[in-house]
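The structure appears below as structure tokens.
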Amino acid sequence: MLEWPVWIAYQEEIAARKHDRASEDGAPAEEETDPVEVMASAESTFNAQTETALRRRLQEASPEFFEKAVIDVLWAMRYGGTHGEKQHVGRSGDGGIDGIIRQDALGLTNVYMQAKRYADHNKVGDPEIRNFIGALDSRGANLGVFITTSSFQPSAVRTAAGYRHGKIVLIDGVKLTTLMLAYGVAVHKTHEFILYEIDDDFFDEEHA
């Protein structure tokens, strides 16, 4: 059973995820009465609960497990292309790189990744991003993805945006678990509903 403050944070995250989905879909804020909209709202609630629980599970996992999990997410998103490969390199003294996605058979284009399994109160700051930039520069790399189970301080976002030698993408815990559902990583479908409508073409023959 979750402690009360954790439970409150859990419910708030679910509500925030639902609100974000509604905003993206342009759905009205009032209570839905159309059956299709009611089902869509229920689906959104259920998946928000799953994503929130998934983020908690990732925070409870070992650092090595989390590093491998996020590599799987990038791989599922097809960052490796058709002939690429993935590699987990996270270990003590890894130089700030936890994983590499090679986007072609020769490894001419690589995406370097760093993963931080942080609690909610421990946000990624500017020093972590600067260390990641140093790790990229030392490898002559220009593509990086920094992933955390928590979130990023504004200073970290500014530092990543100001990286002049390439591109750094920041993925927080909420975005990460949304991607995991979208690409089927660590989850599976449990229910699927089919709605039927009348086929008007079938009745057109009556007037032919």
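When 182, 135, 141 are checked against the criterion of being among the hydrophobic types (A, V, I, L, M, F, W, C) and within 30 Å of residue 50 (Cβ to Cβ), 182 stands alone in meeting it.
Scan segment 52-67 for residues that are within 11 Å of residue 90 (Cβ to Cβ) and under 14 Å from the mean Cα position of the chain (by Cα) and the total you get is 2.
Only one of the listed residues (99, 90, 84) is under 25 Å from residue 156 (Cα atoms), crowded, with 17+ Cβ neighbours inside 10 Å and at pLDDT below 95. That residue is 90.
Yes/no matrix, rows are residues, columns are (1) of a type in the set (Lys, Arg); (2) within 30 Å of residue 6 (Cβ to Cβ):
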site: 89; (1), (2): no, no
site: 105; (1), (2): no, no
site: 123; (1), (2): yes, yes
site: 127; (1), (2): no, yes
site: 130; (1), (2): yes, no
site: 137; (1), (2): no, no
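Residues that are more than 22 Å from the chain's Cα centre (by Cα), surrounded by fewer than 16 Cβ atoms within 10 Å (Cβ to Cβ) and at pLDDT 95 or above occur at least once in segment 157-175. Taking segment 120-199 and the helices (runs of 4 or more DSSP H) fully enclosed by it, the elements with 1 or more residues that are farther than 30 Å from residue 42 by Cα are at 126-138, 154-161. Determine, yes or no, whether residue 46 is within 30 Å of residue 100 (Cβ to Cβ) and either part of a helix (DSSP H, G or I) or at pLDDT below 95 (or both). No; evaluated as a whole, the condition is false for this residue.
A count restricted to segment 142-156 and to residues that are buried (at least 18 other Cβ atoms within 10 Å of the Cβ) and modelled with pLDDT under 95 stands at 0.
Among the conditions (1) at pLDDT below 95; (2) part of a helix (DSSP H, G or I), the only one that residue 70 does not satisfy is (1). Identify, please: which residue in segment 102-119 is hydroxyl-bearing (Ser, Thr, Tyr) and assigned to a loop (DSSP other than H, G, I, E, B) and is, among those, surrounded by the most Cβ atoms within 10 Å (Cβ to Cβ)? Ranking the candidates gives 118 first. Each residue in segment 131-155 was checked for being small (Gly, Ala, Ser) and touching a Phe, Trp or Tyr at 6+ places or on another chain (Cβ under 8 Å), and 4 pass.
The values are calculated or read from the model by the stated rules, or taken from the named source; none is laboratory data. Given the structure is predicted, the values throughout are model-derived calculations rather than measurements. Here the Cβ is made from the backbone with ideal geometry for all residues, glycine too, and neighbour counts use every protein chain on show.
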